[in-house]
Amino acid sequence: MTKEETIIINKKKLHPDRILDYFREEWKVLALITVSGLIYNLGLMAGPWFEGKMAGCLMRILSGAERLPAMLRLASAYVIVIGLVQLARYIKRFYVRRFANNVNRRMKRILYRTLVHKSRVELEKEGAGNVITKAISDVDDCVEGMRKFTTEIFDTGVALLGYMGMLFYYDWRLALCSLIFPPFSYIIAEKMKRIVQRTGAAYKEQTGKLNAATLDRITNAITYRVFGCEKERGEDYEVHLKEYERAAVRANIWNAALPPVYKVIAMAGTVMILYFGSKNILGSGWTSWDVAAFTTFLACYTKLSDKSSKAAKLFNAVHKAQVSWKRIHPYMERAAQAEEEDEIAEQTEKFSAKTGESHTEHGVISADHLTFSYPGSAPIFEDLSFIAKPGQIIGITGPVACGKSTLGKTFLCEYPYEGHLTYGGRELSSCTEQERSRLIGYLGHDPELLGDSIRNNVLLGDDSDVWTWLRAVCFDEEVREMEDRVDTVVGNSGVRLSGGQAARLALARMLCHGKPVMILDDPFSALDRSTEKQVFEHLKELSKDRIVFLISHRLYLFPEFDQVIWMEHGTGICSTHEKLMAENKQYAELYHAQAAEKESANDAEEMQKRNVELKTRRQEKFGKTGDHRLMRMKTVGKGGKSNEWKEEYQCGIDHR
C-alpha cells in the first residue's frame with residue numbers, strides 16, 4: 001500500500017460548508033420529528049371532521065332525531081384525539097428544538113475552531129465586532145431558519161396537503177375556486193426576497209460596528225476616563241447606536257408587517273366559500289351539502305389559509321437565514337479544508353510511525369537570503385542568512401525599530417517572505433497552518449492570558465503538573481501565597497497580575513506546550529535581573545532539544561547564547577557574541593553601556609545589602625528602640641568614643 005493510499009479517508013464525514021450535512025448528522029432526531037410530525041398534522045385533520053360531526057349531531061338533537069349521549073360520545077372521542085395530537089405536537093417541538101440546539105452547538109464549535117486557526121492579521125482586518133456578530137448572531141439566525149424550515153415541513157407542508165385533500169373531497173370545484181388566493185401570498189413573499197436580504201445584510205453590518213464600538217469602550221474605558229475622552233466616545237457610540245436602530249427597524253419591519261398581509265390574501269377565499277357553500281346547502285350548487293359538511297369545509301379552509309400565511313412567512317425567515325449563511329460560509333469552507341488537512345496529517349503521522357519515519361522530529365532551522373516586507377512597503381530587513389540547530393539559543397537584538405519583532409513573526413508566515421526559511425529542509429511557507437502550529441511556538445509582547453485560573457492558563461486542558469512549569473519561571477512561591485493558589489482567576493487578560501507575573505505565566509504556558517522552535521519576544525522585560533537569570537537557567541535546561549530565538553534589547557545574558565543576530569539598517573548579521581564584540585562597534589558599545597549599568601546596579605544592590613547588615617548590627621548591639629545618637633555620649637575621656645561607637649563608625653566608613 002502506498003503512502004497516498006494510506007491517507008485516503010474512506011468514512012463519511014461532516015462537510016461544514018454544506019447545509020444538508022447538518023441535517024444528515026441529525027437523522028435520528030429528524031426521524032423522531034418526522035413520526036411525531038405526521039401524527040400531529042394528520043391528527044389535525046380530525047379536528048374539522050369532529051367539528052362538522054358535532055354540528056350535525058347538534059342539529060339532529062334539536063330536531064329530536066338524536067339524544068345527548070351521542071354528542072357525549074363524539075365529544076369524548078374528540079377530546080381523546082386532540083389530546084393525542086397535542087402530545088405528538090409536544091414531542092415534535094421538543095425534538096425540533098433539540099435539533100436546532102445540536103446544529104447551533106456544532107456550527108459554533110466549527111466556527112470557533114476556524115477563528116482559532118485564523119491569523120492575527122486576518123482577525124484584525126475583519127474587526128472584532130464583525131467576528132463576534134458572525135460567531136453568535138449569524139449562527140443563531142442561520143439555525144433559526146433551519147429550525148423553522150424543519151418545523152414548517154410538517155406544521156405547514158403536511159397540513160396543507162391534508163386540508164387540500166379534504167377540501168377536494170367535499171367539493172373539488174369550490175376547492176379550486178377558493179385556492180386561487182393563497183398562492184399570491186407566496187408570490188409576494190418571493191418578490192420581497194431582495195429587500196429582506198438587503199436590509200438583513202445592512203442590519204448585520206451595523207450590528208458588527210456596534211459590537212466593535214462596545215468592545216472598544218470596555219477595553220479602553222480607563223484610558224478614556226483618564227484623558228477625559230468619555231464625552232467624545234459617548235457621542236461616537238450614540239452615532240453607532242442610532243445607525244443600528246435604523247438598520248434594525250428596516251430589517252424587521254418587513255417580518256412584522258407582511259404576515260398579516262399574507263393572511264388577509266389567503267382568507268379572501270372565504271368569500272367564495274360563503275357564496276357557493278350556501279348554494280350547496282340549499283341544493284342549488286355543485287354539490288349537495290348539509291350544515292356539517294359546510295362547517296367542515298369552512299373550518300378546513302380557515303386552517304389552510306392560516307398555514308398558508310405561515311408558509312409565506314417562512315420564505316422571509318429562510319431569506320434572512322440565507323444572509324447569515326453567506327456571511328459565515330467562508331469560515332465553514334475554511335473549516336472543511338482544515339479538517340481535511342488535519343485528517344491527512346493524522347494519517348501521515350500514523351503511516352510514518354509504522355514505517356519508522358518522523359515528520360515532527362526536531363530539525364534544523366535555516367534561513368537563506370531571507371527578506372521581509374509588508375505589502376506595499378519597503379523591506380524591513382533583507383538578505384538575512386543563518387542556521388540554528390536543536391539545543392541552541394539564538395539571541396536577536398538591535399536598535400529600536402530595526403525589525404527584531406518582525407523577524408520573530410516571520411516564522412508564523414502571516415505575510416509572504418522572500419528567500420528561504422526552512423525547518424528540516426521543508427519551506428515553512430509550504431506547511432499548512434496546522435503543521436506550523438505543531439512546529440512553531442510564539443510568545444509576543446502581549447501575554448494573551450485567558451480570564452481563567454492560573455492552572456488553566458498554563459495547562460490549557462492538559463493533564464500535567466502545573467507546579468513544574470511555575471517553578472521553571474520562578475512563579476511558584478508567589479502562587480502559593482495566593483488565596484486560591486493555582487485556581488486563582490487572573491481576570492480578563494491577566495488584569496489581576498503584575499506585568500512580571502503575567503509575563504512569567506505566559507512563559508510557563510509556552511514551556512509547558514514547548515514546540516521544536518520557540519520564538520520569545522522580550523520575555524524578561526518585566527523581570528528584575530535576579531529573577532531573569534534564574535528563569536533563563538531553567539529555560540536552558542528545558543530547551544536542550546529545541547531551538548529558541550530570544551528577542552531582547554538587554555544584552556547581559558547574550559554571552560551565554562550560542563549565536564546572536566544583530567539587526568540594523570535593514571540588514572542582519574548572525575555570529576557569536578565574541579565575534580560581534582570584536583567586529584561590530586555598535587553591538588560592542590551597546591553591550592558595554594549595559595554592562596556599566598549592570599555594574600552600577602550591582603553596586604547599588606551591594607550598598608543596600610550593606611545598609612541592611614549595618615542596621616541589623618546596630619539593633620543587635622543597642623536594641624531595636626535605641627538611638628545611635630546616644631552612643632556619642634558614651635565617650636572615654638574628652639572627645640573620645642566608646643569601643644562600640646568606634647566599631648560602628650569604622651563600619652560606616654568602610655561601607656562608604
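The values are calculated or read from the model by the stated rules, or taken from the named source; none is laboratory data. Not measured: the values here are computed from a predicted model. Ideal geometry is used to build each Cβ from the backbone, glycine not excepted, and the neighbour counts take in all protein chains shown. Only protein heavy atoms, including side chains, enter the accessible area calculation; ligands, DNA and RNA are left aside. Shrake-Rupley method; radii C 1.70, N 1.55, O 1.52, S 1.80 Å.
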For LYS540 and MET482, FRET efficiency with R0 = 30 Å and r from the beta-carbon atoms, rounded to 0.05?
-> 0.60
Give a residue-ordered list of calculated ³J(HN,Hα) values for segment 269-278 (Karplus: 6.51 cos²θ - 1.76 cosθ + 1.60, θ = phi - 60°; whole Hz; x for Gly, Pro).
-> x, 5, 4, 4, 5, 4, 6, 6, x, 5
Could you go through segment 214-225 in sequence order and give the Karplus-derived ³J(HN,Hα) for each residue, using 6.51 cos²θ - 1.76 cosθ + 1.60 with θ = phi - 60°, rounded to whole Hz, and x for Gly and Pro?
-> 5, 4, 5, 5, 5, 5, 10, 4, 5, 4, 4, 6
Between ARG98 and LYS28, what length in nm is gained on full extension when 0.36 nm per residue of separation is reduced by their alpha carbon distance?
-> 24.1 nm
Could you work out the relative contact order of segment 80-237, using alpha carbon pairs under 8 angstrom and six or more residues apart, expressed as a whole percent?
-> 33
So who's got an amide H within less than 5 Å of the one on GLY419, skipping anything under 5 residues away but keeping other chains? H placed 1.01 Å off N, in plane.
-> THR371
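Please give the peptides 573-580, 459-466 ranked by average Cβ packing (other Cβ atoms within 10 Å per residue), highest first, as a rough proxy for protection.
On the way: 573-580: 16.8, 459-466: 12.2.
Sorting 573-580, 459-466 by mean packing, highest first, produces 573-580, 459-466.
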Subset of LYS92/LYS242; LYS92/LYS320; LYS108/LYS409; LYS515/LYS585; LYS191/LYS307 violating a 31 Å alpha-carbon distance limit = LYS92/LYS242; LYS515/LYS585
Size of electric dipole in segment 57-123: Cβ of Lys, Arg +1 and of Asp, Glu -1, about Cα centre, debye, nearest 20 = 620
Grab the Cα-Cα distance for ARG67 and VAL35, subtract it from 0.36 nm times how many residues apart they are, and report the gain in nm with one decimal.
-> 7.7 nm
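Which net charge results when you count Lys and Arg as +1 and Asp and Glu as -1 among the other residues whose beta-carbon is under 9 Å from that of LEU550? Could you put the intermediate results ahead of the total?
Details: positive: none; negative: ASP521, ASP522.
Every neighbour counted, the sum reads -2.
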Any idea what the relative contact order of segment 30-152 is, in percent, if you count C-alpha pairs under 8 Å spaced at least 6 apart?
-> 32
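Students sometimes get this wrong: rank TRP469, TRP27 by accessible area, probe 1.4 Å, all chains present, largest first.
TRP27, TRP469
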Note, ³J(HN,Hα) from phi for segment 317-326, Karplus 6.51, -1.76, 1.60, rounded to Hz, x at Gly and Pro = 5, 5, 4, 5, 5, 5, 4, 5, 5, 5
Could you list which residues have their amide H under 5 Å from that of PHE381, counting only those 5 or more apart in sequence or on another chain, with H placed in the peptide plane?
-> PHE372
Round to the nearest 10 and report in Å² the accessible area of MET272, as given by a 1.4 Å probe over the protein chains' heavy atoms.
-> 50
Take the alpha-carbon positions of segment 194-250, form their convex hull, and give its projected area averaged over all directions (one quarter of the hull surface) in nm².
-> 3.5
Placing +1 on each Lys and Arg Cβ and -1 on each Asp and Glu Cβ in segment 385-543, then taking the dipole about the Cα centre, the residue among THR468, GLY425, LEU505 whose Cα reaches farthest towards the positive end is GLY425
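Just to confirm, what accessible area per residue do you get for segment 471-583 at 1.4 Å probe, in whole Å²?
43
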